[in-house]
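The values are calculated or read from the model by the stated rules, or taken from the named source; none is laboratory data. Treat the numbers as computed from the prediction; the structure is a model and nothing was measured. With ideal geometry, Cβ positions are generated from the backbone for all residues, glycine too; neighbour counts draw on all protein chains shown.
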């Protein structure tokens, strides 16, 4: 698995860019149907992208909320870059059909 490495400019300032992953999952989500994936060995960071809104839960089943959830257990809407420390599975769900990619990275 490719390591997460940021690119730097000539003055050694972070460009905010990183090398592409060589471990990318593509999910085709049907409305209201969660999919669970296992974090690959050495997967330490995940980068999410989607064609529509999607909800993510780590080590548990993702759910689209139908009422307020204020106890901290809600799924996360459209995460971007996340550290996966202690995460073994990722569950993804959407209200409408959409596609979601998850690019995984290791750490040096």
All positions within region 27-43 that are more than 30 Å from residue 7 (Cβ to Cβ) and surrounded by fewer than 16 Cβ atoms within 10 Å (Cβ to Cβ): 28, 30, 31, 32, 33, 36
Pairs with Cβ under 9 Å, 6+ apart, first in region 8-29 and free of Cβ contacts under 8 Å to residues at least 40 places away in the same chain, second outside any strand (DSSP E or B) and surrounded by 12 or more Cβ atoms within 10 Å (Cβ to Cβ): 19/2; 19/4; 19/5; 22/1; 22/2
Residue check, residue 3 in contact (Cβ under 8 Å) with a residue 60 or more places away in the chain and surrounded by fewer than 16 Cβ atoms within 10 Å (Cβ to Cβ): yes
Total residues in region 35-50, condition part of a loop (DSSP other than H, G, I, E, B) and either modelled with pLDDT of 95 or more or on the phi < 0 side of the Ramachandran plot (or both): 5
Test: residue in region 65-73 that is under 15 Å from the mean Cα position of the chain (by Cα) and under 16 Å from residue 54 (Cα atoms): no
Unmet criterion (only one of (1) free of Cβ contacts under 8 Å to residues at least 40 places away in the same chain; (2) touching a strand residue (DSSP E or B) at 6+ places or on another chain (Cβ under 6 Å); (3) surrounded by fewer than 18 Cβ atoms within 10 Å (Cβ to Cβ)) for residue 79: (3)
Criterion: loosely packed, with under 15 Cβ neighbours inside 10 Å and over 16 Å from residue 87 (Cβ atoms) - qualifying residue of 73, 68: 68
Filter result (within 23 Å of residue 56 (Cβ to Cβ) and out of contact with any strand residue (DSSP E or B) (no Cβ under 7 Å at 6 or more places or on another chain)) within region 5-18: 16
Candidates 24, 56, filtered to the one that is farther than 10 Å from residue 92 by Cα and either modelled with pLDDT of 95 or more or loosely packed, with under 12 Cβ neighbours inside 10 Å (or both): 24
Considering residues of region 6-29 that are under 25 Å from residue 52 (Cβ atoms) and not in a strand (DSSP E or B) only, the residue farthest from the chain's Cα centre (by Cα): 20
